[in-house]
Amino acid sequence: GHLAVGLAARPGLPAGAPGAGPRVRLRGAVSQAGVLDLEDAARREVGSGAVDDLLGGGPDDVPDRYALASPAARLPVGVPVVCVHGDEDVNVPLRQSERYAAAARTAGDPVELVVLPGVDHFAVIDPSTAAWGECAAAVERLCS
């Protein structure tokens, strides 16, 4: 989820930033229970410090990295984003998608939040689940 929305935000990166000036621009993105607000995730220790490990420090230590890598910090991205998230996700809290969707709306981006009742973190990436079907349907909506 983080990577999909991060790719969608690449056209807005400053020149010289890793990934700036992409040759392919996404038409939209589907976030499957993504960590979309890296600063919030780091402060709440989502993933037991995984965000700090990814970026080489906390938001107060390397704020420039958070500003470039966090999809929530890159708004507006200029393309539709669909956030699909289960309400029983104990790995990445639903709060991540809720915060991103609210911020995207405020920034003027088209965004959809699909909350799946009773669904955990991994169901959205398992093709045998109804949750995966919701993700596939979101891709179809973006492509039509």
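The values are calculated or read from the model by the stated rules, or taken from the named source; none is laboratory data. Quantities reported herein were computed from a predicted structural model and do not represent experimental measurements. Counting neighbours? That spans all protein chains shown, and the Cβs are built from the backbone with ideal geometry, glycine included. Ligands, DNA and RNA are stripped out before the accessible areas are found, and what is left, the full protein with its side chains, is counted by its heavy atoms. Shrake-Rupley method; radii C 1.70, N 1.55, O 1.52, S 1.80 Å.
Quick notes on this structure:
- Selection count where residues are touching a His at 6+ places or on another chain (Cβ under 9 Å) and buried (at least 18 other Cβ atoms within 10 Å of the Cβ), scope segment 95-104: 2
- Residue that is most open to solvent (accessible area, probe 1.4 Å), among those in segment 105-126 that are more than 21 Å from residue 39 (Cβ to Cβ) and part of a helix (DSSP H, G or I): 125
- Tabulated pairs, segment 96-120, first within 19 Å of residue 9 (Cβ to Cβ), second open to solvent by 50 Å² or more (accessible area, probe 1.4 Å) and of a type in the set (A, V, I, L, M), C-beta under 7 angstrom, 6+ apart or interchain: 97/113; 98/113; 101/113
- Unique match (being at pLDDT 95 or above and surrounded by 22 or more Cβ atoms within 10 Å (Cβ to Cβ)) among 82, 90: 82
- Spans of helices (runs of 4 or more DSSP H) in segment 1-76 with at least 2 residues surrounded by fewer than 20 Cβ atoms within 10 Å (Cβ to Cβ), in contact (Cβ under 8 Å) with a residue 40 or more places away in the chain and on the phi < 0 side of the Ramachandran plot: none
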